[in-house]
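Below is one structure, written out as structure tokens; the observations come after it.
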Amino acid sequence: MERFRGRSYQPSPYTPDIEVKLTMGGKCFLDAKHTAHIKKKPEYLQYPELLEQFGISLILVTEVLLQGPIWSNVRLLAPYVGHGLKDSSRAAVIGIPQAGMRLQDIKGELGLTLREICIAVLLGELSFKIGEAELKPDSILQPCGGCQKHLEVIGL
């Protein structure tokens, strides 16, 4: 950008959509591109390799990943990122059998709110197949003891 300052040509900087901070340390970037955009500008496919030369990890994702259940689940869970779970709620989650319970039963029998259940999912206390089915009243949630693997829908 500096090299072209004051000239008639103004390059546009490349800005990926999302910066991801990895739990194991480090970060990478995600860029969502519709397949139609990639067909019009196939050089997008070269960006990950190009940026890797500068030590920057970039993953391109398309609408194939971002539609369907994953999209609904991310929208449902996103407002609760960074929230904690009260000890009483955590104790209720610990009482869920390993085979799991339906969401509606967790709410009805254990008295947890949808907010508390979403936080428990994000913290790895409860899991469900986030990329395969929308979280609904009849969804089965299982305890997972703090493991957050179920949230990994992109191989980072």
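A few comments on the model shown:
- Looking across the range 1-16, just one residue is closer than 22 Å to GLU63 by Cα and open to solvent by 90 Å² or more (accessible area, probe 1.4 Å), and that is THR15.
- Failed criterion for GLY131 (all others in (1) in contact (Cβ under 8 Å) with a residue 40 or more places away in the chain; (2) in contact with a Phe, Trp or Tyr (Cβ under 7 Å, 6 or more places away or on another chain); (3) not polar (S, T, N, Q) hold): (2)
- Selected residue [among the hydrophobic types (A, V, I, L, M, F, W, C) and either closer than 30 Å to GLY124 by Cα or in contact with a His (Cβ under 7 Å, 6 or more places away or on another chain) (or both)] from ALA32, ALA36: ALA32
- Test result for GLU116, open to solvent by less than 30 Å² (accessible area, probe 1.4 Å) and either among the acidic types (Asp, Glu) or assigned to a strand (DSSP E or B) (or both): yes
- Residues of the range 17-26 that turn out to be assigned to a loop (DSSP other than H, G, I, E, B) and either open to solvent by 80 Å² or more (accessible area, probe 1.4 Å) or in contact (Cβ under 8 Å) with a residue 60 or more places away in the chain (or both), as a count: 4
- Residue ranges of helices (runs of 4 or more DSSP H) in the range 28-98 with at least 1 members open to solvent by 60 Å² or more (accessible area, probe 1.4 Å) and of a type in the set (A, V, I, L, M): 47-52, 63-66, 69-77, 87-94
- Lone qualifier among ILE94, ILE59 - being closer than 23 Å to GLY146 by Cβ and in contact with an Asp or Glu (Cβ under 9 Å, 6 or more places away or on another chain): ILE94
- The range 136-156, subset within 17 Å of LEU85 (Cβ to Cβ) and either open to solvent by 40 Å² or more (accessible area, probe 1.4 Å) or in a loop (DSSP other than H, G, I, E, B) (or both), residue modelled with the lowest pLDDT: LEU151
The values are calculated or read from the model by the stated rules, or taken from the named source; none is laboratory data. In this text the structure is predicted, and so the values were computed from the model without any measurement. Neighbour counts are summed over all protein chains in view; Cβ atoms, including those assigned to glycine, are modelled from backbone coordinates with ideal geometry. With ligands, DNA and RNA removed, areas are computed over all heavy atoms of the protein, side chains included. Shrake-Rupley method; radii C 1.70, N 1.55, O 1.52, S 1.80 Å.
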